[in-house]
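Participant: Would you mind keeping the following structure in view while I ask a few things?
The values are calculated or read from the model by the stated rules, or taken from the named source; none is laboratory data. A quick note: this is a predicted structure, and the numbers were derived from the prediction, not measured. Cβ sites come from the backbone with ideal geometry, for glycine too, and all protein chains shown count toward neighbours.
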Amino acid sequence: MSLAQRNLSEIHSPEEGVQRAPAPEEAAKPAIRHDWHRAEIQALFDMPFMSLLFQAQTVHQQYFDPNQVQMSTLLSIKTGACPEDCKYCPQSGHYNTGLEKEKLMEVQKVVTQAQQARDNGATRFCMGAAWKHPSEKDFPAVLEMVRQVRDLGMETCMTLGRLSETQAEALAEAGLDYYNHNLDTSPEYYADIITTRTYEERHETLSYVRDAGMKVCSGGIVGMGESAEDRVGLLQQLANMPAHPDSVPINNLVRVAGTPLADTPEIDNFDFIRTIAVARIMMPASYVRLSAGRQEMNDEMQAMCFMAGANSIFYGEKLLTTPLPEESHDLQLLKRLGMQPEARKCQPQPRTSAFYSAM
């Protein structure tokens, strides 16, 4: 061996005293915090893009398998004629969007849809109703939907609007795993988007959900004309909850003709990806979900979102009333990226009052 070869061998051989940088999953996990200040959140948004993504992916690998994506399917179980005035929503009865109204679906039809979703690879089945709050007349059917979908071995999630404490307890007793109630935007911008429900009422519903023992699904929508500071404020509200939401859906506004936000300028793609990355850093143990607006994202943007820490998608034909990418395309994309759907972690156990009191 020549002197040059020996020297090269020495340079590339592990020697005593040369320390290997720890893999992301070996490094100390960042603490779960609930005391974020806006200045430090803004500093994350202001990082160079590649540095931000590197930090977000490092955090992601410390809490999750970066090559797995949780797959959820969302079904609209009652469509249209909602009394709320959310300016982004085609289901609001305040706007003429041409949406066909549908009454509450029959339980068996919901179960059939859940079976199809399970057979297509979804592990969580979410059911959404366009209500301000569930009515006493319809609530028994809703509880039966939870019981029967859970019997299929799927995680269950619902979004029904505002809940009373009693309704939250009844949903938990029926076996509901997750309840979705988004904050939508920052407290400062909220009144520009919704006037029929207060920000405090949203937090109140989430507190009832937590107290009942269910997992919280809560996130927001970007691209509604909000400022960069409003995105900071939204993530601060989510991360400073008493417990981080188990799932954090980040929606990219779908502009629907007839709604007041139909002509709102689109958010810059990099700003959307930054929002995903900052959410991942601030809420490291939460699932960060790509929700509405994914139909308009190309494969490269979705891959960048996964790099930024997104690890959950809505999978199926529709997200309530808006289209999603074809299921086969989603699976092909994951395969191209060397990723795969996350398996169901455990089989559901009966949920009772005794179960929750023991938690």
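Participant: If you go through region 270-305 one residue at a time, how many are touching a residue at least 24 places away in the same chain (Cβ under 8 Å), assigned to a helix (DSSP H, G or I) and not small (Gly, Ala, Ser)?
Facilitator: The first filter runs over region 270-305 and keeps only residues touching a residue at least 24 places away in the same chain (Cβ under 8 Å), leaving 270-297, 299, 301-305.
Restricting the remaining residues to those that are assigned to a helix (DSSP H, G or I) gives 270-282, 294-296, 299, 301-305.
Subset that is not small (Gly, Ala, Ser): 270-276, 278, 280-282, 294-296, 299, 301-302, 304-305.
Total satisfying the criteria: 19.
Participant: Any idea how many residues of region 206-264 are farther than 20 Å from VAL278 by Cβ, buried (at least 20 other Cβ atoms within 10 Å of the Cβ) and touching a strand residue (DSSP E or B) at 6+ places or on another chain (Cβ under 7 Å)?
Facilitator: Qualifying residue count for the region: 4.
Participant: Being assigned to a helix (DSSP H, G or I) and charged (D, E, K, R): is that true of LYS78 here?
Facilitator: On the way: assigned to a helix (DSSP H, G or I): no; charged (D, E, K, R): yes.
Considered against the rule, which asks whether it is assigned to a helix (DSSP H, G or I) and charged (D, E, K, R), LYS78 comes out as no.
Participant: Hey, can you tell me all the residues within region 283-333 that are at pLDDT 80 or above, more than 24 Å from LYS215 (Cβ to Cβ) and not polar (S, T, N, Q)?
Facilitator: GLU296, MET297, ASP299, GLU300, MET301, ALA303, MET304, MET307, HIS329, LEU331, LEU333
Participant: Listed residues ASP184, ASP138, ASP177; which is in contact (Cβ under 8 Å) with a residue 40 or more places away in the chain, buried (at least 18 other Cβ atoms within 10 Å of the Cβ), within 22 Å of HIS94 (Cβ to Cβ) and among the acidic types (Asp, Glu)? First the steps, then the outcome.
Facilitator: Numbers: ASP138 fails: buried (at least 18 other Cβ atoms within 10 Å of the Cβ); ASP177 fails: within 22 Å of HIS94 (Cβ to Cβ).
From the options ASP184, ASP138, ASP177, the qualifying one is ASP184.
Participant: What single numbered condition from (1) aliphatic (A, V, I, L, M); (2) farther than 27 Å from TYR95 by Cβ; (3) touching a helix residue (DSSP H, G or I) at 6+ places or on another chain (Cβ under 6 Å) fails to hold for VAL222?
Facilitator: Of everything listed in (1) aliphatic (A, V, I, L, M); (2) farther than 27 Å from TYR95 by Cβ; (3) touching a helix residue (DSSP H, G or I) at 6+ places or on another chain (Cβ under 6 Å), VAL222 misses just condition (2).
Participant: Of the numbered conditions (1) within 16 Å of the chain's Cα centre (by Cα); (2) more than 24 Å from SER72 (Cβ to Cβ); (3) not hydroxyl-bearing (Ser, Thr, Tyr), LEU238 fails exactly one; give the number of that condition.
Facilitator: Only one criterion in (1) within 16 Å of the chain's Cα centre (by Cα); (2) more than 24 Å from SER72 (Cβ to Cβ); (3) not hydroxyl-bearing (Ser, Thr, Tyr) is unmet by LEU238, namely (2).
Participant: For region 124-140, which positions are outside any helix (DSSP H, G or I) and of a type in the set (A, V, I, L, M, F, W, C)?
Facilitator: Step one: filter region 124-140 for residues outside any helix (DSSP H, G or I), giving 124-138.
Selection gives PHE125, CYS126, MET127, ALA129, ALA130, TRP131.
Participant: Just checking, which of SER92, SER72 is at pLDDT below 80, crowded, with 18+ Cβ neighbours inside 10 Å and in contact with a Cys (Cβ under 8 Å, 6 or more places away or on another chain)?
Facilitator: Details: SER72 fails: at pLDDT below 80.
Exactly one of SER92, SER72 is at pLDDT below 80, crowded, with 18+ Cβ neighbours inside 10 Å and in contact with a Cys (Cβ under 8 Å, 6 or more places away or on another chain), namely SER92.
Participant: Does GLY121 satisfy the criteria of being in a loop (DSSP other than H, G, I, E, B), within 20 Å of CYS217 (Cβ to Cβ) and modelled with pLDDT under 90?
Facilitator: On the way: in a loop (DSSP other than H, G, I, E, B): yes; within 20 Å of CYS217 (Cβ to Cβ): yes; modelled with pLDDT under 90: yes.
Yes: the conditions hold for GLY121.
Quick grid of which residues meet (1) modelled with pLDDT of 95 or more; (2) in contact with a helix residue (DSSP H, G or I) (Cβ under 7 Å, 6 or more places away or on another chain); (3) under 17 Å from PHE45 (Cα atoms):
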residue	(1), (2), (3)
HIS203	yes, no, no
SER207	yes, no, no
THR264	no, no, no
ALA277	yes, yes, yes
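Participant: Now for a different question. Go through region 141-150 residue by residue and tally those that are touching a residue at least 60 places away in the same chain (Cβ under 8 Å) and either surrounded by fewer than 23 Cβ atoms within 10 Å (Cβ to Cβ) or outside any helix (DSSP H, G or I) (or both).
Facilitator: Counting residues in region 141-150 that are touching a residue at least 60 places away in the same chain (Cβ under 8 Å) and either surrounded by fewer than 23 Cβ atoms within 10 Å (Cβ to Cβ) or outside any helix (DSSP H, G or I) (or both) gives 1.
Participant: Sort out which residues of region 195-205 are surrounded by fewer than 20 Cβ atoms within 10 Å (Cβ to Cβ) and of a type in the set (Val, Ile, Thr), and write them in order of number.
Facilitator: Correct list: THR195, THR196, THR198.
Participant: Is there a residue being over 24 Å from LEU290 (Cβ atoms), touching an Asp or Glu at 6+ places or on another chain (Cβ under 6 Å), among the β-branched types (Val, Ile, Thr) and in contact (Cβ under 8 Å) with a residue 24 or more places away in the chain anywhere in region 93-113?
Facilitator: yes
Participant: Within the bounds of region 341-349, is there any residue that is of a type outside the set (Gly, Ala, Ser) and at pLDDT 80 or above? Break it down stepwise before answering.
Facilitator: Step one: list which residues in region 341-349 are of a type outside the set (Gly, Ala, Ser), which gives 341-342, 344-349.
Narrowing the set further to residues that are at pLDDT 80 or above leaves 341-342.
Yes - at least one qualifying residue is present in region 341-349.
Participant: One residue is enough: does region 99-112 have a residue meeting the conditions closer than 29 Å to ILE194 by Cβ, part of a helix (DSSP H, G or I), modelled with pLDDT of 85 or more and among the hydrophobic types (A, V, I, L, M, F, W, C)?
Facilitator: As a first pass, look at region 99-112 and keep what is closer than 29 Å to ILE194 by Cβ: 99-105, 110.
In the following step, the residues that additionally are part of a helix (DSSP H, G or I) were identified as 110.
Okay, now just the ones that are also modelled with pLDDT of 85 or more, so 110.
With among the hydrophobic types (A, V, I, L, M, F, W, C) added as a condition, the list becomes 110.
Taking every residue of region 99-112 in turn, at least one turns out to be closer than 29 Å to ILE194 by Cβ, part of a helix (DSSP H, G or I), modelled with pLDDT of 85 or more and among the hydrophobic types (A, V, I, L, M, F, W, C).
Participant: When the residues of region 15-58 are narrowed to those that are at pLDDT below 95 and in a helix (DSSP H, G or I), which ends up farthest from ARG231 (Cα to Cα)?
Facilitator: Taking the candidates together, the pick is GLU26.
Participant: Of the residues GLU226, GLU200, GLU165, GLU169, which is on the phi < 0 side of the Ramachandran plot, charged (D, E, K, R) and without any contact (Cβ under 8 Å) to a residue 24 or more places away in the chain? Don't jump to the end; show me each part of the working.
Facilitator: Working: GLU226 fails: without any contact (Cβ under 8 Å) to a residue 24 or more places away in the chain; GLU165 fails: without any contact (Cβ under 8 Å) to a residue 24 or more places away in the chain; GLU169 fails: without any contact (Cβ under 8 Å) to a residue 24 or more places away in the chain.
From the options GLU226, GLU200, GLU165, GLU169, the qualifying one is GLU200.
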